[in-house]
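The values are calculated or read from the model by the stated rules, or taken from the named source; none is laboratory data. The model shown is predicted, which means the values in this text are computed figures rather than measured ones. A quick note on method: Cβ atoms are made from the backbone with ideal geometry, for glycine too, and the neighbour counts reach across all protein chains shown. To get the accessible areas, we keep the full protein, side chains included, count just its heavy atoms, and leave off ligands, DNA and RNA. Shrake-Rupley method; radii C 1.70, N 1.55, O 1.52, S 1.80 Å.
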Amino acid sequence: SGVFTLTPAIGLSVAVVANSPKVLVNQVLRSSLKVTNAGPEASAATRLIIDAPGAIGVTSTKGACSLGQTITCELGVISAQDAATIEVSRRAVVVGSATGRASVSGVESEPSSGDNAATWTTSIERQVIRRFAPVCIAQRRRPTEQCRLNLRFVLSHPSAVSITLRRIGSTRVRFVGR
């Protein structure tokens, strides 16, 4: 008889190509995954399984994905040297960290599956709420006198500003921001 040499049919891999490294509670964190087939053959039935608790949305450049306890993406055929990009959106609900995991597989033989899984983590931080009271309110100044309250913020996240001014009695409140 003869000697047969098997050539690897597919070379699938999954990698995290973009991830929100830090978000505030109640914000949406986004992660982008890339599934690549290094070949030399096409992967006929490529499947990506994503464990991303709290997922609220998923899109893919190939095939279709379904939300559930885990996200299943049936990516279909991925030709040699081709790729699919998958975007996952999640709501950050508690302070701490959110971890996601993904694994890709095909039906063809693959001698090396060490890069068929990826893990990523996002830090979820508490929203900081500061309360300030102008000194002149505590001193009960006359209504005709102006009271100034100068505030300076150093923000850990640029979209995390919310300022609420409350009217006390007949005092008019005006906010001038820069």
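Would it be correct to say that residue 86 is within 19 Å of residue 111 (Cα to Cα) and in contact (Cβ under 8 Å) with a residue 40 or more places away in the chain?
Considered against the rule, which asks whether it is within 19 Å of residue 111 (Cα to Cα) and in contact (Cβ under 8 Å) with a residue 40 or more places away in the chain, residue 86 comes out as no.
What number of residues in region 90-105 are of a type in the set (Gly, Ala, Ser) and open to solvent by less than 30 Å² (accessible area, probe 1.4 Å)?
Of the residues in region 90-105, 4 are of a type in the set (Gly, Ala, Ser) and open to solvent by less than 30 Å² (accessible area, probe 1.4 Å).
Any chance you could count how many residues in region 71-82 are buried (at least 18 other Cβ atoms within 10 Å of the Cβ) and closer than 14 Å to residue 35 by Cα?
3
Please tell me if residue 111 is of a type outside the set (Asp, Glu), in contact (Cβ under 8 Å) with a residue 24 or more places away in the chain, open to solvent by 50 Å² or more (accessible area, probe 1.4 Å) and farther than 18 Å from residue 9 by Cβ.
no
Which of (1) closer than 24 Å to residue 113 by Cβ; (2) in contact (Cβ under 8 Å) with a residue 40 or more places away in the chain is the odd one out, the single condition residue 21 does not satisfy?
For residue 21, the failing item is (1).
Within region 1-70, which strands (runs of 3 or more DSSP E) (wholly inside it) include 3 or more residues that are of a type in the set (A, V, I, L, M, F, W, C) and either at pLDDT below 95 or surrounded by 15 or more Cβ atoms within 10 Å (Cβ to Cβ) (or both)?
Here the list reads 12-19, 28-37, 43-51, 55-60.
Give me the pairs, please: first residue somewhere in region 49-65 and of a type in the set (Lys, Arg), second residue anywhere and crowded, with 19+ Cβ neighbours inside 10 Å and not in a loop (DSSP other than H, G, I, E, B), beta-carbon distance under 6 Å, and either six or more positions apart or on two chains.
Short answer, once both residue conditions are applied: 62/75; 62/84.
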